[in-house]
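In what follows, a single structure is set out as structure tokens and then discussed.
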Amino acid sequence: MNILLVEDEPKLHDFVRKGLQQQGYQVQGAASGSEALELAAVHTFDLILLDIMLPGQTGFEVLENLKKFNVKTPVIILSALSTTENVIAGLDKGAVDYIKKPFDFGELLARIRAVTRKGATKTYIQYKIDHVRLDLIARKVWVAEQEVSLTKREFHLLETLMSDANRVISKTELAERVWEVHFDMGSNVIEVHISQLRKKLGIEEFIQTRVGIGYVIEGHLVCS
Ligand code: CA
């Protein structure tokens, strides 16, 4: 996932960028509204994190200009402007979420996941990476056009990893998203399921282990 981070305060910019990169997100930075618009016109981002008080044009103006340029990338505002009027203005101008500074980094990550999940379930019915194809409606999986029978849990695990291809997903996050538990359920449960899933897919290196961090599927994700 590719994120455009628009923040003019260098320390905060660095902090957010490093935190997101540690989670496996790709991050491009801009320190002003015009820089952000130039980048958004040339590159495709999955998400824009936008400050309001910026040199040159404000974040509100950036939102209006993005609309003019027909950029449909979801925008989350990160701002110290915390009045209800500002939040309403931001959402009315097209932002999908508004996070007040100072914010908790874990909350920012959860909101990013929520926004990107919404996009994924709304738009796509199929994921494909290399020879692995996953049908989100029929809940079926094929490897090189051979159907593979998975349990519900294995399917959900594969769906989660494929939807976030190229991002390392921690065991804690997998526990939350696949098992819907918010406590450490012991790494063994996840390891056993990953190992079963690998066996069934028959491609050992498709799901990669990042020791001490989590799991990742690398490759070009085609959503259709
Ligand atoms: Ca600022």
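When restricted to residues that are under 11 Å from Leu4 (Cα atoms) and in contact with a Lys or Arg (Cβ under 7 Å, 6 or more places away or on another chain), region 18-60 contains 3. Answer yes or no: is there a residue in region 11-25 that is assigned to a loop (DSSP other than H, G, I, E, B), within 16 Å of the ligand (Cβ to nearest atom) and closer than 29 Å to Asp164 by Cβ. The answer is no, given that none of the residues of region 11-25 is assigned to a loop (DSSP other than H, G, I, E, B), within 16 Å of the ligand (Cβ to nearest atom) and closer than 29 Å to Asp164 by Cβ. As a summary of the residue check, Lys171 satisfies the conditions (1) over 30 Å from Phe15 (Cα atoms); (2) at pLDDT below 90 except for the one numbered (1). For region 50-60, does any single residue satisfy the condition of being more than 16 Å from the ligand (Cβ to nearest atom) and open to solvent by 30 Å² or more (accessible area, probe 1.4 Å)? The answer is no; no qualifying residue exists.
Quick one: is Gly24 surrounded by fewer than 16 Cβ atoms within 10 Å (Cβ to Cβ) and in contact (Cβ under 8 Å) with a residue 60 or more places away in the chain? No, not satisfied.
The set of residues in region 61-94 that are of a type in the set (A, V, I, L, M), open to solvent by 70 Å² or more (accessible area, probe 1.4 Å) and either within 15 Å of the ligand (Cβ to nearest atom) or farther than 21 Å from Ile3 by Cβ (or both) contains only Ile88.
Within the option set Glu159, Glu154, being farther than 24 Å from Gly19 by Cα, part of a helix (DSSP H, G or I) and in contact with a helix residue (DSSP H, G or I) (Cβ under 7 Å, 6 or more places away or on another chain) holds for one residue only, Glu154. Selection of region 143-168 for residues being basic (Lys, Arg) and open to solvent by 40 Å² or more (accessible area, probe 1.4 Å) yields Lys152, Arg153. Any idea which residue in region 96-142 is modelled with the highest pLDDT, counting only those that are open to solvent by 40 Å² or more (accessible area, probe 1.4 Å) and of a type in the set (Val, Ile, Thr)? So the residue we want is Val96.
The values are calculated or read from the model by the stated rules, or taken from the named source; none is laboratory data. A quick note: this is a predicted structure, and the numbers were derived from the prediction, not measured. No Cβ is skipped: glycine too gets one built from the backbone with ideal geometry, and neighbour counts run over all protein chains shown. Side chains are part of the model used for accessible areas, which takes the heavy atoms of the whole protein and leaves out ligands, DNA and RNA. Shrake-Rupley method; radii C 1.70, N 1.55, O 1.52, S 1.80 Å.
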